[in-house]
Structure formats: C-alpha cells, structure tokens
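Novice: Following this message is one structure expressed as structure tokens.
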Amino acid sequence: MKNTLILLIHFEGEIELQDQNYLNSRYSTLLNILNDKEIDKEKCIIAFDTYNLISNPQNEKDEYRKIENQQLSKLVKYACAQKWSVYNMVKETEMGLIDMDIETFIKYMKEKRPEFKIEPNETNIIIGGTETAGCVLFNKKLGALNWSKRSYDTTIYLPLCAEYSSTGNTWYEKQQSAVATLWSKIKECDPNDYKTLNIVSEFKELSLPWTQTGIKPL
C-alpha cells in the first residue's frame, strides 16, 4: 500500500468572506478522516499552511499553539494527540506553501520523516483547500496539476475544498461554478498532464493506506 500525503492549501479559508457553516463542513470532513481507526497513520502525512500565526507562543514545541485560527488550532492539536504526523509548513519553512515547489517540499519532508518516501510509485497525493480551480488545482506550485504532471496519483477531494471568488448566490452554487471552471482549465492542458489526476466527492473513493485491523482508540 502506498504512502499518502494529505495537503491542505490555505485550509482555514477567507473567514470574513465565507459562510461559517460552509467552512465548518470541511473541518467535519477532515475530522472524519482523523477519526477513522482503520487508516494506517504511519503511512500518512498531513501538511498545511496558515495565514495567521501567533508571534510569540508560550510553548514553541506545540504546533497548534502557533496558529491564530482557533478552529484550525484545535484540529491540529487533536490530530497530533491521535498520533497523526502533522506539519505546519509556515513554521517549518517561514514561507508556508505559498511559493514552495514540489522538490523543495519533498526536501523538507525528508528532513522531518526520512523514512517516508514521496515518489510517484510510492505516494498518493490528496489535496483540499481554498479555491478549487485556483490554488488547489494549479495557482500554487504544490497544486494538484503540478503533482499529476510528475505522474503522482493525485486526488482533489471536493469536501475538503471551499470557494469565495466563484460566482453564485449560495455557497453550493459557488462550488458548482468552481468545478465547472476546474474542468475548463484542465481541458486546456495536455492530456498527459492530468492522466493521474482524480476529482472525487466520496470518502470511499480516496486512496488511503488501510490497516488489517483497526487501531484501538485511546
């Protein structure tokens, strides 16, 4: 079974521009993944960035104390308590996921988890975040299309995505518009660039590493 990298690009979203119930649904989706006891956590990494960090946290060792957004902070704290490997890329690199390319990202991950292989034939990529047809797909160097171009099995998981700049009178309509834009942008690419790219909306469609027996909760 392959390793799995779960990459969350600007996951906290634009809080002032988006409906809170809409954003909360993504946290629920991520929490469902964290709570699944049959996922092999040793074969997973979660990496994220955040817009706002506390400048002088009391405890430098705690990842979650550096995050200003309380909901994201609590979720990271919970994930760490459940023995997930979670990395705040702003803290790790001082630039987050904004301008980092895939090769630089892999370099940092090898420093943190040397035994965790990130290679096309060894690793599945699952991506969520803010702006499905923008940052999540290709506007960022770590966007899904850039992984797919390197032959990684890459999945955009729509329940982990959210929009604010797409047109629509409701958040559902905005996401519909974003998916339409996503497909239009993909069609502009060489078919070889997206042959390993998947877009899914169901948990059962994700390529996650499973244990033979579920891990007992603490």
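Novice: Below 8 Å, C-alpha to C-alpha, sequence gap of six or more: please give me the relative contact order for the range 149-196 in percent. If you can, show how the numbers build up before the last one.
Specialist: Working: 26 pairs, mean separation 21.4, N = 48.
That works out to 45 percent.
Novice: Further question: In which sequence would Trp210, Trp147 go, from the one with the fewest C-beta neighbours within 10 Å to the one with the most? Don't skip to the answer; put the middle values down first.
Specialist: Values: Trp210 13, Trp147 25.
Fewest-to-most ranking of Trp210, Trp147: Trp210, Trp147.
Novice: Can you classify the range 94-200 as rounded, prolate or oblate using the Cα gyration tensor, where a ≥ b ≥ c are the square roots of its eigenvalues, rounded means a/c under 1.5, and otherwise it's prolate if a/b beats b/c and oblate if not?
Specialist: Taking the square roots of the gyration eigenvalues as a ≥ b ≥ c, the range 94-200 is prolate.
Coordinate-derived values only; no laboratory data. The model shown is predicted, which means the values in this text are computed figures rather than measured ones. Ideal geometry is used to build each Cβ from the backbone, glycine not excepted, and the neighbour counts take in all protein chains shown.
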